[in-house]
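Let me give you the structure first, and then I'll get to my questions.
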Amino acid sequence: MTEHERLLEEFEDARFALLMEGVARKEGERLEALNEMLQENPEAAVPESLDKRCLEIIDRHFARERRRAGLRRTGRVLRLAAIIMAISVLLFTSVFAISEDFRLATLNLMLTVTEKYTQFNIKSSDGNSRQASPSPSTASSEYFQNAKIGWMPEGFECTESVPDVLARFENKQGDYFIISIKPGSANVNVDTENPESLEHITINGNEGLCIVKYGEVEIMLADLENSVYIEVGTSSGLSVETAKKIAENITIL
């Protein structure tokens, strides 16, 4: 753009601004005159009945908004209550186990429920976090020193492994599952916020939860005899039944 073109463009902009300023001034004067005329004319006043209806409409709108907010809060409370009920089933069925030894051990499983997660905590009788007992067995598996994976779906291969912590398996379609073995001395958080389903499960005598969220499955089991947590997580391409079968075939050595 040449200097002449730039100056011409600025001139056109300034001219347009001056024209619009005049239009705005005239429109303002017209509206002020109209306002004075309406104020001096009693017949131009807003009828009381119309004013009342407008206020009622405004009140109804905000009442609906308040009800919606209340329903959202109620929904959160009900979802949290459902989670607590499922976990209560876990605790009570464990407490009333037939075996006296198992009953006493199960009382050491502490669960803390919040709106966003549920925390598993294995406690000893003195209230401290329970340490894993040394296993008398010297056996070990390919991925975990203290656990053996007895079954996995066909076509899956290990793509990532952290010894004695986790192993990830994936197939050619991109479906995957992860197995993790965690010590009982740790506090483990499980995402239970707005799940599609939440189920109390018992696998190989170990109590736990099965959570489905966004189609993905997470199973968390507390093995109190060996003081470890067994966790199985799958992508949305695998079913709950497949996740449970994987967990059923994990043996703590």
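The values are calculated or read from the model by the stated rules, or taken from the named source; none is laboratory data. Computed from a predicted structure; not experimentally measured. Positions of Cβ are generated from backbone atoms using ideal geometry, with glycine treated the same way; all protein chains shown enter the neighbour counts. Note: accessible area is taken over every heavy atom of the protein model, side chains too, but ligands, DNA and RNA are not part of it. Shrake-Rupley method; radii C 1.70, N 1.55, O 1.52, S 1.80 Å.
If you check THR202, THR159, which single one turns out to be open to solvent by 60 Å² or more (accessible area, probe 1.4 Å) and either more than 20 Å from ASN121 (Cα to Cα) or outside any strand (DSSP E or B) (or both)?
When all the criteria are applied, what remains is THR159.
Kindly indicate whether any position in region 66-75 is among the hydroxyl-bearing types (Ser, Thr, Tyr) and either in contact with a strand residue (DSSP E or B) (Cβ under 7 Å, 6 or more places away or on another chain) or modelled with pLDDT under 65 (or both).
So far as region 66-75 goes, yes, one or more of its residues are among the hydroxyl-bearing types (Ser, Thr, Tyr) and either in contact with a strand residue (DSSP E or B) (Cβ under 7 Å, 6 or more places away or on another chain) or modelled with pLDDT under 65 (or both).
Yes or no: region 189-202 includes at least one residue that is under 21 Å from PHE144 (Cα atoms) and in contact with a Phe, Trp or Tyr (Cβ under 6 Å, 6 or more places away or on another chain).
no
A further question on this structure: Taking GLY174 as the residue in question, decide whether it is open to solvent by less than 60 Å² (accessible area, probe 1.4 Å), on the phi > 0 side of the Ramachandran plot and modelled with pLDDT of 90 or more.
So GLY174 passes the test.
Scan region 205-216 for residues that are surrounded by fewer than 18 Cβ atoms within 10 Å (Cβ to Cβ), closer than 21 Å to MET110 by Cβ and in contact with a Pro (Cβ under 6 Å, 6 or more places away or on another chain) and jot them down.
Once the filter is applied, which keeps residues that are surrounded by fewer than 18 Cβ atoms within 10 Å (Cβ to Cβ), closer than 21 Å to MET110 by Cβ and in contact with a Pro (Cβ under 6 Å, 6 or more places away or on another chain), region 205-216 yields nothing.
Might you let me know whether region 217-224 holds any residue that is outside any helix (DSSP H, G or I), more than 16 Å from LEU111 (Cα to Cα) and either without any contact (Cβ under 8 Å) to a residue 40 or more places away in the chain or open to solvent by less than 30 Å² (accessible area, probe 1.4 Å) (or both)?
From region 217-224, those outside any helix (DSSP H, G or I) are 217-224; that's our starting set.
If we keep only those that are more than 16 Å from LEU111 (Cα to Cα) too, we end up with 217-218.
Applying the additional criterion that residues be either without any contact (Cβ under 8 Å) to a residue 40 or more places away in the chain or open to solvent by less than 30 Å² (accessible area, probe 1.4 Å) (or both) yields 217-218.
Yes: region 217-224 contains one or more residues that are outside any helix (DSSP H, G or I), more than 16 Å from LEU111 (Cα to Cα) and either without any contact (Cβ under 8 Å) to a residue 40 or more places away in the chain or open to solvent by less than 30 Å² (accessible area, probe 1.4 Å) (or both).
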